[in-house]
Amino acid sequence: MSLLNKYRSPAVERALDILEYLAGAGTATLADIVRDRGLPKSTAFVLLVTLRDRGYVIHNAEGRYQLGLRLVNLGHSAVERIDITEVSQPVMSRLAADIKETVHLGVLSGTSVVQVGKAESPLAVKLTSYIGQLRPLHSTAMGKTLLAFLPADEREDLLRRITLARKTPRTITRPEVLRQELDEVCARGYAVDDEETNMGVRCVGAPIRNYTGRVVAALSVSGPAERIPLSRVPEVAQKVMAGAQEISRALGYL
């Protein structure tokens, strides 16, 4: 068995087979899927129920299955992320050169932030991070930015699902305190990670909006706390917000 085959998931492959089959067929009954995909009836039924409950499949009034709108949302999200990364890089590079600290671009991924872009500090001593790195929502500047600007119902849903794990003595671990912090982020337009994820590291983040006005990403500057003292945060925040606004305009936000 090859290494790739060893880590393949039969259940995921069967679910994807069903989605790809429905993409071609338009609509199909359970019997159609069982016959054409060669799946056991019980397996196909369980997968269809799961896909239906997650919005990836619809069971219509005629008793036939078809693709759900959740897939449209995922496709739209994928396109947006590619565009955001491309248009953000020049802005991030300029910001890193100006502020002399590392700049990150992050998007919401489940109950975490995933870093999808980066421009490194030109200084010898810099933060270590990588594209694809998952970061917590409640203690990072990018995470708090993304949480703060979500619609109220989506924000509350995430707040119920995430664990407010203590990363440092400064981490906010009480939901009511975090809610107050998020309201302040909305009011001032930027978020601060004040050594809440890593001691000795301070970050400032601002929201990026798409053409509909929805916040779809966060831009942040991160550096040693001694190089970004609290007295410098307002200056850094203005530059981060200006960079985020430039990217937002490139995405069609007016």
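The values are calculated or read from the model by the stated rules, or taken from the named source; none is laboratory data. Not measured: the values here are computed from a predicted model. All Cβ positions, glycine included, derive from the backbone under ideal geometry; neighbour counts span all protein chains shown. Keep in mind that these areas ignore ligands, DNA and RNA; they rest on the heavy atoms of the full protein, side chains included. Shrake-Rupley method; radii C 1.70, N 1.55, O 1.52, S 1.80 Å.
Numbers for the structure displayed
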| quantity | calculated |
| --- | --- |
| Some residue of region 190-207 being among the hydrophobic types (A, V, I, L, M, F, W, C) and under 15 Å from the mean Cα position of the chain (by Cα) | yes |
| Region 153-165 residues that are more than 12 Å from P136 (Cβ to Cβ), paired with ones that are open to solvent by 40 Å² or more (accessible area, probe 1.4 Å) (beta carbon under 8 Å, 6 or more apart) | L159/P175; L159/R179; R161/T111 |
| Count of residues meeting criterion [more than 12 Å from the chain's Cα centre (by Cα), farther than 11 Å from S112 by Cα and not aliphatic (A, V, I, L, M)] in region 142-167 | 10 |
| Unmet requirement for R160, which otherwise passes all of (1) modelled with pLDDT of 95 or more; (2) open to solvent by 10 Å² or more (accessible area, probe 1.4 Å) | (1) |
| Subset of region 229-247 (residues that are in a helix (DSSP H, G or I) and surrounded by fewer than 20 Cβ atoms within 10 Å (Cβ to Cβ)) | L230, S231, R232, V233, P234, E235, Q238, K239, M241, A242, Q245, E246 |
| Candidates T102, T171, filtered to the one that is more than 23 Å from G213 (Cβ to Cβ) and touching a residue at least 60 places away in the same chain (Cβ under 8 Å) | T102 |
| Of all residues in region 29-61 being free of Cβ contacts under 8 Å to residues at least 12 places away in the same chain and among the β-branched types (V, I, T), the one that is most open to solvent (accessible area, probe 1.4 Å) | V46 |
| Strands (runs of 3 or more DSSP E) within region 89-150 that include 1 or more residues under 17 Å from T171 (Cβ atoms) and open to solvent by less than 40 Å² (accessible area, probe 1.4 Å) | 112-119, 134-136 |
| Check on K167, open to solvent by 60 Å² or more (accessible area, probe 1.4 Å), modelled with pLDDT of 95 or more, over 24 Å from P234 (Cα atoms) and touching a Ser or Thr at 6+ places or on another chain (Cβ under 8 Å) | yes |
| Elements of type strands (runs of 3 or more DSSP E) contained in region 153-228, each with 2 or more residues being of a type in the set (G, A, S) | 201-209, 215-224 |
| Output for region 62-75, where each listed residue is surrounded by fewer than 14 Cβ atoms within 10 Å (Cβ to Cβ) and either touching a helix residue (DSSP H, G or I) at 6+ places or on another chain (Cβ under 7 Å) or at pLDDT below 90 (or both) | L69, V72, N73, L74, G75 |
| Unique match (being under 29 Å from the mean Cα position of the chain (by Cα) and assigned to a loop (DSSP other than H, G, I, E, B)) among R14, R52, R8 | R8 |
